[in-house]
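Participant: Submitted below is the structure of interest, expressed as structure tokens.
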Amino acid sequence: QVQLVESGGGLVQAGGSLGLSCTAAGNSASIGTMAWFRQAPEKQRELVASITVRGESTIGDSVQGRFTISRDNAKNTVYLQMNRLKPGDTGVYFCHVEGVLMIDTGSKIFDSWGQGTQVIVSS
């Protein structure tokens with residue numbers, strides 16, 4: 001279905017900043033909510049932030065005040081700006097999108113996951 005291409009992960013020192021981006025490829029898709037999840041080693045995946053097509057955002061408590069999520073609907077891209085990073089923010093960050101895929105016989109509801117991008121915050 002729709003492929004998600006993530007970029008921006010890497011190694012950063014505590015207190016630093018890092019920006020992630022995720023682009024949904026598929027010109028026949030109508031993208032709805034876009035979100036970022038993360039998963040630390042041997043821990044469960046958690047929601048970091050999400051944003052609706054209208055721009056309404058939800059930020060996880062653990063990153064409140066430090067992370068911001070935004071999107072560019074014209075580019076089908078969602079961004080995650082991470083500031084004042086902590087070692088606890090280390091993990092694999094996954095992009096997730098929901099939407100409707102328009103095909104020849106109608107439309108289909110879908111959701112897609114990115115491959116994940118590694119974020120390592122050193123102390």
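Participant: Of Ser50, Ser30, Ser107, which has the most accessible area and how do the rest follow, probe 1.4 Å?
Facilitator: Ranking Ser50, Ser30, Ser107 by accessible area, largest first, yields Ser107, Ser30, Ser50.
Participant: To continue, here is another question. Where a Cα-Cα gap under 23 Å defines reach, which lysines qualify for Lys75, not counting those fewer than 8 residues away within the same chain?
Facilitator: Lys108
Participant: Mind giving me the nanometre distance, one decimal, between the label points for Lys108 and Thr68, set 7 Å out from Cα along Cα→Cβ?
Facilitator: Distance between the two pseudo-spin positions: 3.7 nm.
Participant: With every protein chain present, what is the per residue accessible area of the chain (1.4 Å probe, Å²)?
Facilitator: Values: 6770 Å² over 123 residues.
Dividing the accessible area of the chain by its residue count gives 55 Å².
Participant: Further question on the same structure: Please give the charge dipole size of the chain, origin at the Cα centre, charges +1 on K and R Cβ atoms and -1 on D and E Cβ atoms. Round to the nearest 20 debye.
Facilitator: I would put it at about 240 debye.
Participant: What's the longest piece of the chain with no exposed GluC sites (Glu not before Pro), counting a site as exposed if DSSP puts it in a loop and it has at most 16 other beta carbons within 10 Å?
Facilitator: 57-123
Participant: The range 1-107: which trypsin sites (Lys or Arg not before Pro) are DSSP loop and have at most 11 other beta-carbon atoms within 10 angstrom?
Facilitator: Passing sites in the range 1-107 are Lys43, Arg54, Lys75.
Participant: Taking the Cβ of Leu18 as the centre, find all other residues whose Cβ is under 15 Å away and add up their charges (Lys, Arg: +1; Asp, Glu: -1).
Facilitator: +2
Participant: Next question, about the same structure. Amide H of Gly116 versus every other amide H placed in the peptide plane: which residues, excluding those fewer than 5 positions away on the same chain, fall under 5 Å?
Facilitator: Amide H to amide H, under 5 Å and 5 or more residues apart or across chains, Gly116 pairs with Cys95.
Participant: Something else: Carbon-plus-sulfur fraction of the accessible area of the chain, 1.4 Å probe, in percent? Each step should come with its number before you reach the end.
Facilitator: Numbers: 3240 of 6770 Å².
Solvent-exposed carbon and sulfur of the chain make up 48 percent of the total.
Participant: What's the extension gain from Arg54 to Gln3 if we count 0.36 nm per residue and subtract their Cα-Cα distance?
Facilitator: So the chain would gain 16.2 nm between Arg54 and Gln3.
Participant: Return a whole-number percent for the relative contact order of the chain, with Cα pairs under 8 Å and 6 or more residues apart as the contact set.
Facilitator: With pairs under 8 Å counted, the relative contact order is 35 percent.
Participant: I've got another one for you. What percent of all Cα-Cα pairs in the chain falls in each 5 Å bin, counting up from 0?
Facilitator: Bins of 5 Å from zero give 2, 12, 22, 23, 18, 11, 6, 3, 1, 1, 0 percent of pairs.
Participant: In addition: Residue by residue, what Karplus-based ³J(HN,Hα) values in Hz, rounded to whole numbers, does the range 63-70 have, using 6.51, -1.76 and 1.60 with θ = phi - 60° and x for Gly and Pro?
Facilitator: 3J(HN,Hα) across the range 63-70, in whole Hz: 10, 4, x, 10, 10, 9, 10, 8.
Participant: Tell me, what HN-Hα J-couplings in whole Hz come from the Karplus equation 6.51 cos²θ - 1.76 cosθ + 1.60 at θ = phi - 60° for each residue of the range 26-42, using x for Gly and Pro?
Facilitator: Residue by residue, the range 26-42 yields x, 6, 9, 9, 9, 7, x, 5, 10, 8, 10, 10, 9, 9, 7, x, 6 Hz.
Participant: Compute the signed sum of charges (Lys and Arg +1, Asp and Glu -1) over the other residues within less than 14 Å, Cβ to Cβ, of Ser50.
Facilitator: Counting the neighbours of Ser50, the net charge comes to -1.
The values are calculated or read from the model by the stated rules, or taken from the named source; none is laboratory data. Bear in mind the structure is a predicted one, so any value in this text is a computation, not a measurement. Neighbour counts are summed over all protein chains in view; Cβ atoms, including those assigned to glycine, are modelled from backbone coordinates with ideal geometry. Keep in mind that these areas ignore ligands, DNA and RNA; they rest on the heavy atoms of the full protein, side chains included. Shrake-Rupley method; radii C 1.70, N 1.55, O 1.52, S 1.80 Å.
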